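K.L.:
Please see the structure below; I have some questions.
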Amino acid sequence: MRKLLTALLLLAALALGAFWAVTRPRPLAADALAGLVPDAAHGEQVFWAGGCAACHADAEAKGDQKLILAGGQRFASPFGTFVAPNISNDPNAGIGAWSDLDLANAMVRGVSPEGEHYYPVFPYASYAKATLQDIVDLRAYLATLPADPTPSAPHEVGFPFNIRLSLGGWKFLFLDDGWVVTGDLTPAETRGRYLAEALGHCGECHTPRGTLGGMDRGRWFAGGPVPGGKGNFPNITPAKLTWSEADIVEYLTSGFTPDYDSAGGHMALVVENTAHLPAGDRAAIAAYLKKVPPAE
Amino acid sequence: MRNVLSLIAAAMLACGPALAEDLADPEEILTARHGYMLMMAMNLAPLGAMAKGEVPYDAVAAGRAASSLAALASVDSSMLWVPGTENGVLDDSSALPEIISNADDRAVKFAALKTASDAMATAAGTDLASLQGAMKGVGEACSGCHKPYRKSE
């Protein structure tokens with residue numbers, strides 16, 4: 001009897017250990033950023049490529065208002081409604097007090113400075129592929145932006161999704177920092193892959209998700225229904241997106257489609273970011289899109 | 001006399017369809033609105049083709065299209081934005097009800113389109129680089145309404 005009890009206890013301990021091993025937050029090593037010198041000017045390019053303002057600034061913001069990252073935009077999903085937090089330079093309401101490592105842990109590991117998992121509505125599943133140099137540069141640029149004292153609103157997420165430790169399981173299943181499109185790529189296509197798969201996080205909307213909310217890498221950019229909403233995210237693989245590279249570049253520059261309709265909805269916000277990129281980067285994204293495997 | 005009569009008859013026939021149209025019919029207003037948007041797209045098309053490098057830059061053609069676009073942007077389109085023509089009432093409409101109810105903001109957005117189109121009218125005849133630069137401003141002005149006021153697909 002005692003033997004059985006010991007065995008059961010041991011088993012429970014093992015299960016708990018396994019659960020913890022799978023679900024515990026995994027921050028970067030303390031010296032992960034050693035030797036990296038921040039470049040705030042390049043950080044601005046990372047800022048626009050990463051699309052930070054599309055979610056963290058007011059959706060109607062224009063010009064310099066886009067640099068006020070007070071949060072507040074709401075994102076409905078089958079798991080609840082998420083509210084973009086304040087990531088302005090305010091030391092209390094925003095991330096003004098964060099270190100370079102704090103931002104790197106948030107972006108590539110989805111872990112807060114307090115060691116909690118973030119919800120993957122924050123696109124760390126894409127940012128996981130970002131270079132640490134880019135993140136250090138971005139941190140330096142964010143530090144030059146205005147501070148806003150608006151407190152972050154809490155997410156409206158019910159049980160069981162409000163148990164943050166369970167997100168460790170989500171990361172175990174879905175966090176994958178390997179490239180989706182592989183094979184021989186030109187330098188432009190490689191740059192475009194970095195912009196589209198990592199910083200630009202295009203797949204977060206354009207790749208369909210499974211029931212647990214992980215991106216289906218086998219149907220990369222194949223589009224699908226808007227989670228928790230109406231309508232569809234368009235398929236942007238070559239099977240459906242038949243625009244020329246020049247058409248794609250124009251769309252990412254001015255928002256005009258080949259029919260001279262213009263971008264609407266959240267994609268208009270994306271164009272407000274890509275319009276700030278160097279022309280070569282927009283061309284790189286267009287070149288990469290042509291290399292994505294066609295999916296119906 | 002017979003000639004005059006036939007002329008009158010022909011004139012009446014010609015006016016017939018026009019007189020039969022009800023200017024307050026939501027379907028007709030929607031048709032007019034879509035036509036208005038299409039006219040703007042048609043004038044943007046030559047500018048975009050030059051911006052993309054699909055056709056060689058032609059200062060005269062670009063200037064003509066841009067002036068036409070600026071003229072369209074200065075038209076009073078308030079009669080196109082009336083209750084009963086919004087998405088949810090008419091299937092073919094993707095206009096959210098707010099663009100009709102927020103008349104003041106709509107006026108601000110159309111004023112921005114006018115400013116951007118005027119800038120394009122100046123830029124288009126100057127050189128290709130100016131034209132390409134002005135496309136951004138016009139696109140931003142278009143999305144200025146499409147972002148908040150058009151139903152996503």
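K.L.:
Looking at the range A:220-267 only, could you name the residues that are of a type in the set (A, V, I, L, M, F, W, C), part of a loop (DSSP other than H, G, I, E, B) and at pLDDT below 95?
P.N.:
Residues satisfying the conditions are A:VAL226, A:ALA263.
K.L.:
Taking the condition of being at the interface with chain B (Cβ under 7 Å from one of its Cβ atoms) and either more than 14 Å from B:ALA45 (Cα to Cα) or within 23 Å of the chain's Cα centre (by Cα) (or both), how many residues in the range A:231-253 meet it?
P.N.:
Of the residues in that region, 3 qualify.
K.L.:
Report the residue count in the range A:52-69 for those that are over 19 Å from A:CYS205 (Cα atoms), out of contact with any Leu (no Cβ under 7 Å at 6 or more places or on another chain) and open to solvent by 20 Å² or more (accessible area, probe 1.4 Å).
P.N.:
Final tally of qualifying residues: 7.
K.L.:
In addition: Quick one: which residue in A:ALA49, A:ALA84 is closer than 23 Å to A:PRO160 by Cα and either assigned by TED's automatic domain parsing to the domain that holds A:CYS205 or crowded, with 21+ Cβ neighbours inside 10 Å (or both)?
P.N.:
From the options A:ALA49, A:ALA84, the qualifying one is A:ALA84.
K.L.:
How many residues are touching a helix residue (DSSP H, G or I) at 6+ places or on another chain (Cβ under 7 Å) and surrounded by fewer than 18 Cβ atoms within 10 Å (Cβ to Cβ) when one looks only at the range B:69-87?
P.N.:
The qualifying residues number 5.
K.L.:
Under the condition of being among the hydrophobic types (A, V, I, L, M, F, W, C) and more than 16 Å from the chain's Cα centre (by Cα), which residue from the range B:35-68 is most open to solvent (accessible area, probe 1.4 Å)?
P.N.:
B:VAL60
K.L.:
Go through the range A:254-270 and report how many residues are more than 14 Å from A:ALA61 (Cβ to Cβ) and at the interface with another protein chain (Cβ under 7 Å from one of its Cβ atoms).
P.N.:
Looking only at that region, the number is 10.
Condition check ((1) in a loop (DSSP other than H, G, I, E, B); (2) in contact (Cβ under 8 Å) with a residue 12 or more places away in the chain; (3) in contact with a Gly (Cβ under 9 Å, 6 or more places away or on another chain)) across all residues:
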site: A:THR81; (1), (2), (3): no, yes, yes
site: A:PRO85; (1), (2), (3): yes, yes, yes
site: A:ASN92; (1), (2), (3): yes, yes, no
site: A:GLY96; (1), (2), (3): yes, yes, no
site: A:MET107; (1), (2), (3): no, yes, yes
site: A:PRO113; (1), (2), (3): yes, yes, no
site: A:ALA125; (1), (2), (3): no, yes, yes
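The values are calculated or read from the model by the stated rules, or taken from the named source; none is laboratory data. Remember, predicted model here, so these are calculated numbers, not experimental data. Ideal geometry is used to build each Cβ from the backbone, glycine not excepted, and the neighbour counts take in all protein chains shown. Just the protein is used for accessible areas: all its heavy atoms, side chains included, with ligands, DNA and RNA removed. Shrake-Rupley method; radii C 1.70, N 1.55, O 1.52, S 1.80 Å.
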